[in-house]
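The values are calculated or read from the model by the stated rules, or taken from the named source; none is laboratory data. The shown structure was predicted, so the numbers you read here are calculated from the model rather than taken from an experiment. Cβ atoms come from the backbone with ideal geometry, glycine included; neighbour counts cover every protein chain shown. These accessible areas exclude ligands, DNA and RNA; they are computed on the full protein's heavy atoms, side chains included. Shrake-Rupley method; radii C 1.70, N 1.55, O 1.52, S 1.80 Å.
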Amino acid sequence: MVSCIVVDDDKSIVDLFSELLGIINVDVLAKGYDGQSAVKLYEEYKPDIVFTDYQMPEYDGLYAVENIKDKNPDAKIIMVTGGVDTVQFAILDSLNVPVIIKPFDIQKIKQTITNGFLDNDIKQSIFEIQYTFKEDYSVYSCVVTFEQYRNLKAIPIIDECKIIRIGQNSLDSYTEKMQKALDLARTNDKTNILELSEIVR
């Protein structure tokens, strides 16, 4: 039997969704109510699938996805949500996280679970981001993969970093150059990343 955890800030939705999963023989090991609890429950129960909402206060579904994928890049996660915009969808797609739109349909749930276990293709969406350096008032823009965006945010010399829209540039050579620039930025060398960026303001 497939096992899972179910996470949503609305307890009634968690209970209803868990009932539907029981009908199709999916074993609900635990229930959570925000992204932080999703991560803790994943570590504790090691379920086959994590079902999580996107919009939740404080720790949202993306927090859950990022942190669970950090612990296990092969983790099976399915987003169950009232809707996502094109950027959110591209982020989830690049992390191989399928989306079920509420109100949920039992056949859609079954099909998504089946697809989740069969589809292991790695997708690589790219995003236009804006970022600032500490002690630098300029705002810069560049195009990165989602993994590169996360790596950039973690570099100590970066002050703020956010996704603006889905990017247009998809050349492998550009992605490789950006990766080298990020590696140098970790050593406080901003030269290469500035060459690949534009000043927004």
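The relative contact order of region 16-137, computed from alpha carbon pairs under 8 Å that lie at least 6 residues apart in sequence, is 18 percent.
Translational diffusion of region 43-201 was estimated from the Stokes-Einstein equation, with Rh taken as the Kirkwood radius over Cα pairs; at 20 °C and 1.002 mPa s the coefficient is 126 µm²/s. Globularity index of region 14-115 is 0.98 (Cα radius of gyration / 2.2 N^0.38 Å, N = number of residues). Around the amide H of I164, modelled in the peptide plane, lie the amide H atoms of E128, I129, Q130, all under 5 Å away and 5 or more residues distant in sequence or on another chain. Close amide-amide hydrogen proximity is noted between N96 and K123, each under 5 Å apart and 5 or more residues distant or on a separate chain (H modeled in the peptide plane; Pro and chain starts excluded).
Rounding to the nearest 20 debye, state how big the charge dipole of the chain is about its Cα centre with +1 on each Lys and Arg Cβ and -1 on each Asp and Glu Cβ. Show your work: numbers first, answer last.
Values: 21 positive and 33 negative charges, 38 e Å.
For the chain, the charge dipole is close to 180 debye.
Whole-Hz Karplus values for region 77-93 come out as 10, 10, 8, 10, 8, x, x, 9, 7, 5, 5, 4, 4, 5, 4, 5, 5 Hz, taken residue by residue from phi with 6.51 cos²θ - 1.76 cosθ + 1.60 and θ = phi - 60°; glycine and proline positions read x.
For K102, the residues 5 or more places off, or on other chains, whose built amide H falls under 5 Å of its own are T81, G82, G83.
Accessible area per residue, 1.4 Å probe, Å², for region 1-139: what's the number? Spell out each step's value before the answer.
Values: 6970 Å² over 139 residues.
Accessible area per residue, region 1-139: 50 Å².
A simple rule links phi to the HN-Hα coupling: the Karplus curve 6.51 cos²θ - 1.76 cosθ + 1.60 with θ = phi - 60°, which for region 41-52 gives 5, 4, 5, 6, 9, 6, x, 5, 9, 10, 9, 9 Hz, with x for Gly and Pro. Using a 1.4 Å probe on the protein heavy atoms, what percent of the accessible area of region 67-109 belongs to carbon and sulfur? Exposed carbon and sulfur together represent 52 percent of the surface. Translational diffusion of region 1-54 was estimated from the Stokes-Einstein equation, with Rh taken as the Kirkwood radius over Cα pairs; at 4 °C and 1.567 mPa s the coefficient is 121 µm²/s. In order along region 186-201, the phi-based Karplus estimate (6.51 cos²θ - 1.76 cosθ + 1.60, θ = phi - 60°) of 3J(HN,Hα) comes to 5, 9, 6, 9, 8, 3, 5, 5, 5, 5, 9, 10, 10, 7, 7, 6 Hz; Gly and Pro are listed as x.
Across S37, S12, S125, mean-square fluctuation computed from a Gaussian network of the chain (C-alpha pairs under 10 Å connected) peaks at S12.
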